1. Could you check which residue among 55, 102, 212 shows the biggest mean-square fluctuation in a GNM of the chain with a 10 Å Cα cutoff?
2. Write down the radius of gyration of region 31-157 and its Dmax, each obtained from C-alpha positions, in Å.
3. First measure r as the distance between the Cβ atoms of residue 52 and residue 95, then evaluate 1/(1 + (r/R0)^6) with R0 = 22 Å and state the FRET efficiency to the nearest 0.05.
4. Report the relative contact order of the chain, percent, no decimals, based on alpha-carbon pairs under 8 angstrom and at least 6 residues apart.
5. Calculated FRET efficiency, residue 177 and residue 80, Cβ-Cβ r, R0 45 Å, to nearest 0.05?
6. What is the Cα coordinate range of region 1-50 on the first, second and third principal axes, sorted by size from largest, in whole angstrom?
7. Of all the Cα-Cα pairs you can form in the chain, what percent are over 25 Å apart?
8. What FRET efficiency comes out for the pair residue 66/residue 1, r = Cβ-Cβ distance, R0 = 22 Å, nearest 0.05?
């Protein structure tokens, strides 16, 4: 299935975000956002995972999960759950199938058949059930998985919490529904988050809360 992608990153706050996207391979597209835990070796952990996704021979989500499990074992052995910590939100598109593996709170949103849903990340301040807090945080890693058939007109959004913490869920949904090009959605999300961290002015539902953090956005629209 054809698709268009937009990628934006502002990594100037902590430098802990990483991403990977291999749009040059239409038969197996990988989109991934990693948000390293600040002051806990997050930049090294997130970039290590990004490099693994780029260099390993990945044929399926099982290969991705094996990478996550192996890195969790390595990070935990070195950092004892206190160092080398990162989230991972990874989506694989093959033909008309979207498969997702996530660890931690970097959310993935999807519009499928005109219905909006949040696949992963925090919901109401809590992580989705059965999702580990970060790669490297515990000896045993619990990976949340999701799979669905995709259709032309579907939209995929993966962000780090420098975006998701500064917009309401309804704002993200409305933007995904109403924007016709992935560049427009990415620009709106980045600009809105940046304006709020600089000047405040959050919606009443956010109670004035803003988060000054790195911002990574991958937006893919299926055609």
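Read-outs throughout are calculated quantities, based only on the coordinates presented, and are distinct from any laboratory measurement. All values derive from a computational prediction rather than experimental measurement. No Cβ is skipped: glycine too gets one built from the backbone with ideal geometry, and neighbour counts run over all protein chains shown.
1. Comparing 55, 102, 212 in a Gaussian network model of the chain, the most mobile one is 55.
2. Looking at region 31-157, its Cα Rg and Dmax stand at 14.4, 45 Å.
3. Values: r = 24 Å, r/R0 = 1.10.
For R0 = 22 Å, the calculated efficiency reads 0.35.
4. Values: 525 pairs, mean separation 59.5, N = 223.
Answer for the chain is 27 percent.
5. Values: r = 44 Å, r/R0 = 0.98.
Plugging the Cβ-Cβ distance into 1/(1 + (r/R0)^6) gives 0.55.
6. So the extents along the principal axes, rounded to whole Å, are 40, 19, 11.
7. Values: 8482 of 24753 pairs.
Result: 34 percent of Cα pairs exceed 25 Å.
8. Numbers: r = 26 Å, r/R0 = 1.16.
Rounded to the nearest 0.05, the efficiency is 0.30.
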